[in-house]
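Heads up, the thing below is written out as structure tokens.
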């Protein structure tokens, strides 16, 4: 240890030290403040975004995600997006915007889970059926084509839609644009037809009238495929996010 | 041991001290006495005059370093966009040909927030720890960190503006970085969220390169402007907790900058270019307590001092490999 030398508080050195301390205090408060501003929106865990397959409970997910984007890199349909600063739910943490691009399990396994280095996506999951991102819900029943006993012809989401889907009948290995696939259906069953999970959704005849209604069953994992493919604008089906994720 | 403690104290923000004469090694005493002789002073004075007139400065290490930063960051981008799968992820965590790597500071934040550590993260952290211990710790800052390059450009502008008399450097109390380090560690633990990652320039830039521009780049812009117009190298010098993490890792690293008292002219050109000039206090006349000293833990091994030193008083050294290099 060096001996403490009492300095004249009015010496230039003391004044300089005081100024440096003051600047550091202001800068420190500023830096901490900006960081906290990024945390505030996520602090209540109120925003419910569809998280990637295998994501653990929202709170743990936000704690453990290291924000490297390795899950984004392995996804064949690029369903995973990293949150931006203004999104207000954890800068750099991945989520799924199902209407734009759902997770259709084109990768066959759960590649994003395998890619995750921190366990934010639970490594206990190895099959798509184990995923619990959320559950589909028929939110606009009156707009549903099947319930009106209507068919559907053409591209599900129009010619300009960028979303991808793997049509096994076209190419078993490579997803193609939804816009590159033409449908000709007597009664619209897109949500059932394109669902990647067995027995997750089915069309049931309605009691009053000739139409059929989509019924979502317990096997549904909330991947968002039905929401993406629904040809009605806005979609009749939306995802209800499961805040406990696949950690249960 | 005492030297290590001093180097850590200096890194944590304490002011450098001049070692008492009684603590000098006999060789250092002899060297200082020799250097103070009238004849030696005159020789040095002449040499300094020549040095300043020649304006000698090599760019050897700077060029190598820039190539390193650009190559490493480009590899991430190429791996993703051309599906080479060489380094996947971002600098916060990645896979190098399938092998897990995790940034030590990001891993620390995640561990504090999540309070668990999965095997992959342990593997990645240990690998990266050993790597940076071997390579010099803060070597990460000046040889890999993409913000370092941004900041170096900011520094060039800043120095130009200072020369024109348009701006002035405003130094800060260096203890700030230690305080911020503790604050962000506590915040991660208390909130259960990696609060620091929101403002982590390494993560923001690395993700932006690979996954596209994000609004978080505005924060990089703010830091850049602060560094150009207000305080030289503000983030790296006074704020970045990542630098401190890697500083600890490299405090006992074999790769270091070596100071050779005998060759030194004490004119101080090295301290003018250094990002962390407190580690070069030893180059002041009468501040070296030995004839050969390993520069402290806070040193980023950037080699700017090596480039600027006309007499090879500062050189890269690798412990145990002296004969081979």
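No other residue among B:42, B:47, B:15, B:33 is in the same structural domain as residue B:286 (by TED's automatic domain parsing) and either touching a helix residue (DSSP H, G or I) at 6+ places or on another chain (Cβ under 7 Å) or in a loop (DSSP other than H, G, I, E, B) (or both) apart from B:15. Scanning segment A:73-88 for residues that are at the interface with chain B (Cβ under 7 Å from one of its Cβ atoms) and under 11 Å from the mean Cα position of the chain (by Cα) yields a total of 1.
Of the residues making up segment B:180-193, those that are modelled with pLDDT of 95 or more and at the interface with chain A (Cβ under 8 Å from one of its Cβ atoms) number 4. Looking across segment A:222-245, the residues that are under 13 Å from the mean Cα position of the chain (by Cα) and surrounded by 22 or more Cβ atoms within 10 Å (Cβ to Cβ) come down to A:222, A:223, A:224, A:225, A:227, A:228, A:239, A:242, A:245. Taking residues in segment B:215-236 that are at the interface with chain A (Cβ under 8 Å from one of its Cβ atoms) and touching a residue at least 40 places away in the same chain (Cβ under 8 Å), and partners anywhere that are surrounded by fewer than 19 Cβ atoms within 10 Å (Cβ to Cβ) and outside any helix (DSSP H, G or I), the pairs with Cβ atoms closer than 8 Å and at least 6 places apart or on different chains are B:231/B:169; B:231/B:170; B:231/B:171.
Those strands (runs of 3 or more DSSP E) of segment A:133-248 in which at least 2 residues are farther than 30 Å from residue A:119 by Cβ, considering only elements entirely within it, cover A:152-154, A:183-185, A:201-205, A:212-216.
For segment A:181-189, check the following and say yes or no: at least one residue is closer than 21 Å to residue A:107 by Cβ, surrounded by 13 or more Cβ atoms within 10 Å (Cβ to Cβ) and more than 23 Å from the chain's Cα centre (by Cα).
Residues of segment A:181-189 closer than 21 Å to residue A:107 by Cβ: A:181.
Within this subset, residues satisfying the condition of being surrounded by 13 or more Cβ atoms within 10 Å (Cβ to Cβ) are A:181.
Filter once more, so that each one left must be more than 23 Å from the chain's Cα centre (by Cα): A:181.
Scanning segment A:181-189, I find at least one residue that is closer than 21 Å to residue A:107 by Cβ, surrounded by 13 or more Cβ atoms within 10 Å (Cβ to Cβ) and more than 23 Å from the chain's Cα centre (by Cα), so the answer is yes.
Within segment B:87-140, the residues that satisfy the criterion of being assigned to a strand (DSSP E or B) and within 7 Å of another protein chain (Cβ to nearest Cβ) are B:88, B:89, B:90, B:93, B:94, B:95, B:100, B:102. In a residue-by-residue description of segment B:163-179, the property of being more than 11 Å from chain A (Cβ to nearest Cβ), touching a helix residue (DSSP H, G or I) at 6+ places or on another chain (Cβ under 6 Å) and surrounded by fewer than 21 Cβ atoms within 10 Å (Cβ to Cβ) applies to at least one position. A single member of A:18, A:23 is facing chain B (nearest Cβ under 9 Å) and modelled with pLDDT of 90 or more, and it is A:23.
Suppose the filter is under 18 Å from residue B:243 (Cα atoms), more than 22 Å from the chain's Cα centre (by Cα), within 14 Å of chain A (Cβ to nearest Cβ) and in contact (Cβ under 8 Å) with a residue 60 or more places away in the chain; does residue B:77 pass it?
Considered against the rule, which asks whether it is under 18 Å from residue B:243 (Cα atoms), more than 22 Å from the chain's Cα centre (by Cα), within 14 Å of chain A (Cβ to nearest Cβ) and in contact (Cβ under 8 Å) with a residue 60 or more places away in the chain, residue B:77 comes out as no.
Given the criterion surrounded by 19 or more Cβ atoms within 10 Å (Cβ to Cβ) and in contact with a strand residue (DSSP E or B) (Cβ under 7 Å, 6 or more places away or on another chain), identify the matching residue among B:305, B:309, B:274, B:264. Going through B:305, B:309, B:274, B:264 in turn, the sole match is B:305.
The values are calculated or read from the model by the stated rules, or taken from the named source; none is laboratory data. Computed from a predicted structure; not experimentally measured. Positions of Cβ are generated from backbone atoms using ideal geometry, with glycine treated the same way; all protein chains shown enter the neighbour counts.
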